[in-house]
Amino acid sequence: MTRRLPVLLSGLLLIAGLPLAREAAAAPRYAVPAAVRVNIARLGTSYAILSSTGTVAVTRASGEVVYQGGLRTLARTNVRRLAEGGGIDLPPTNTNVTDLSPEERQSRARLFREARQAVREEPSALVNVPFQFAVLRNDRDDVGTPLIASDRVVGLHFATDDGFLTFDGRAFRGTFDLALDDEGDMIVVNEVPTSEYLASVVGSEEPSSWEPEALAAQAIAARTYLVTHLARHRAYDLEGDTRDQEYDGVGGEAASTVKAVARTAGVIATYQGRAIEALYSANAGGITEDSENVYASALPYLRSVPSPADDVAKTSSWGRTSWEWTTELTAPQLRDYLAVRGLNVGEVQRIDVTSVSGTGRVMGARIVGNAGSRDIGKDASRYYFGLRSTLFTVAVRPADETEFVSYTNTERLRTLELLGATIDAPAYTRLIDPDRETSEIRVVGWIYRLPARFVFTGKGYGHGVGMSQWGAQGMALQGRSASEILTHYYLGIALTNIGGA
């Protein structure tokens, strides 16, 4: 029997005195599915190596076995084939096979030369195969022996009964299916029992070493998000990344995350009987944001609340930059950064913050360059400027400022190198002997001369709406329960047990 949070009291924490019967009568029925289908190929893939830590069986939709064994398999789209010479497949140009022998490298180079020469002589000598499925002979093989060639992606099913399935360097439970995403690109869909999916999400979204109550709060939030985001895609339920929830397969699991899911089994967060939009982000920077200041709708349970426990991140060697951070870009760097994102204003001259929310987050900004200006709003500045959050200020620093940097501060040295800062002079320290004479002079760092630059200084990581994950950890360290964490960040909610995983 699974254990539920003690505070739940028969599976429900009532809000505002509403009786259960009235809530249930007015609310749609939600259910936690037994299994979930997750797109683990992100925006699609043209080159997918699929295998197993044991043996893998690959079948068509008809049940026909295409391959069974312990070799790696390869699904490719738009395979270039040199028609002459018996139809030779060209190796992909986007793989990194590093351990080729000199003979193999020469053969590979010769093949590309022959292909280029053949195309010059006869353009039709190079043909395109829309889809191909092959078996790879060894670790150096990135072409394989074709088993299927087709004018469209063939739906294939991958299963194993003596290991984990692997894709993109990660291991997964359950099964794989080759499918198409909503835009028609080839993806890999992992169908996995929901409890195992959630255990991985908890450990992928938060460190598995965090406090049990923080992990339990994350499990409930992730389960709630799951039940409200099903059936939004043709071939799968959820994205396996931050577009929905981070999911790293077996690598995200730990005994602590499995326990967090089991002890909260079936529990979701509801508002007036309906599952909530359980948004969360890494660190709210001390205060969360009203939902309408980031997204389209003003939701009554996604209101701005203080999040002082976020500052627990500042004592973490890796998490401290989610609490306070600085991003510096020269004008040319910012110009190029914006251009890649489709915003062209020429050389950036200034950035004007035109609107801020009550929490201090940037709601609107105007980017002024020598080729025009552009207004951006709401959460867009995170994307366009490459920032961790919109809780920031921006200043323009003049050229020729100097800064001492210790030779041990590798992070700052790397930043200054990227900025194009130059070394003005070395910095020394003198070692004095007992006779007060200088015994040694050591270089301890350098004096850098910095270029003109835009300096963004901010706090927090993510959109800042709903639960702050670092805040949840901070509250758990203070002895607060998962229920207290969730009801702090999602106002007026109930924790409702709807059954299932």
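The values are calculated or read from the model by the stated rules, or taken from the named source; none is laboratory data. It should be emphasised that the depicted structure is a prediction, and the values quoted were computed from it without experimental measurement. FYI the Cβ positions are ideal-geometry reconstructions off the backbone, even for glycines, and counts take in every protein chain you see. Accessible surface is based on the protein model in full, side chains and every heavy atom, while ligands, DNA and RNA are left aside. Shrake-Rupley method; radii C 1.70, N 1.55, O 1.52, S 1.80 Å.
With the alpha-carbon atoms of the chain aligned to their principal axes, the span from lowest to highest coordinate is 79, 72, 59 Å, starting with the largest.
Here is how the number arises for the chain: DSSP H runs of 4 or more residues each give -39500 (n - 2.57), the sum is divided by the residue count, and the result at 222 nm is -6500 deg cm²/dmol.
Using a simple charge model, +1 on the beta-carbon of Lys and Arg, -1 on the beta-carbon of Asp and Glu, nothing else, what dipole does region 314-414 show about its Cα centre, in debye to the nearest 20?
Here region 314-414 has a charge dipole of around 380 debye.
Within the chain, DSSP assigns beta bridges of which about 95% are antiparallel (rounded to the nearest 5).
Qualifying GluC sites (Glu not before Pro) in region 128-198, where qualification requires a DSSP coil assignment and no more than 12 other C-beta atoms within 10 Å, comprise E183. Taking the average, over residues, of other Cβ atoms within 10 Å as the packing measure, peptides 459-469, 206-216, 491-501, 283-293 rank 459-469, 283-293, 206-216, 491-501 from highest down. Indicate the gyration tensor shape class of region 163-297 (rounded, prolate or oblate), computed on the Cα atoms with a ≥ b ≥ c the square roots of the eigenvalues: a/c under 1.5 is rounded; otherwise a/b larger than b/c is prolate and the rest oblate. Oblate, because a/c is 1.5 or more while a/b does not exceed b/c.
Over the chain, give the accessible area per residue in Å² for a 1.4 Å probe, as an integer.
In whole numbers, the chain has 47 Å² accessible per residue.
Using 0.36 nm per residue and subtracting the Cα-Cα separation, the extra length available between T429 and A35 on full extension is 135.5 nm.
Loop-only check: which trypsin sites (Lys or Arg not before Pro) in region 187-268 are DSSP coil with at most 10 other Cβ within 10 angstrom?
When the trypsin sites (Lys or Arg not before Pro) of region 187-268 are filtered for loop state and at most 10 Cβ neighbours within 10 Å, R234 remain.
The share of accessible area on the chain that comes from carbon and sulfur is 50 percent, using a 1.4 angstrom probe. Each of the peptides 341-350, 379-388 was scored by the mean count of other Cβ atoms within 10 Å over its residues; in descending order, highest first, they stand as 379-388, 341-350. Candidates S297, T330, A309 compared by Cα position along the dipole of region 290-330: farthest toward the positive end lies A309, with charges placed on Cβ.
Evaluated with a Cβ-only charge set (Lys, Arg +1; Asp, Glu -1), region 363-449 carries a dipole of roughly 620 debye about its Cα centre, given to the nearest 20. Hydrophobic long helices, here whole DSSP H runs in the chain with Kyte-Doolittle means of at least 0.0 and Cα atoms spread over 18 Å or more along the helix axis, are found at 212-228. Per residue, the average separation of C-alpha pairs within less than 8 Å and at least 6 apart gives the chain a relative contact order of 18 percent.
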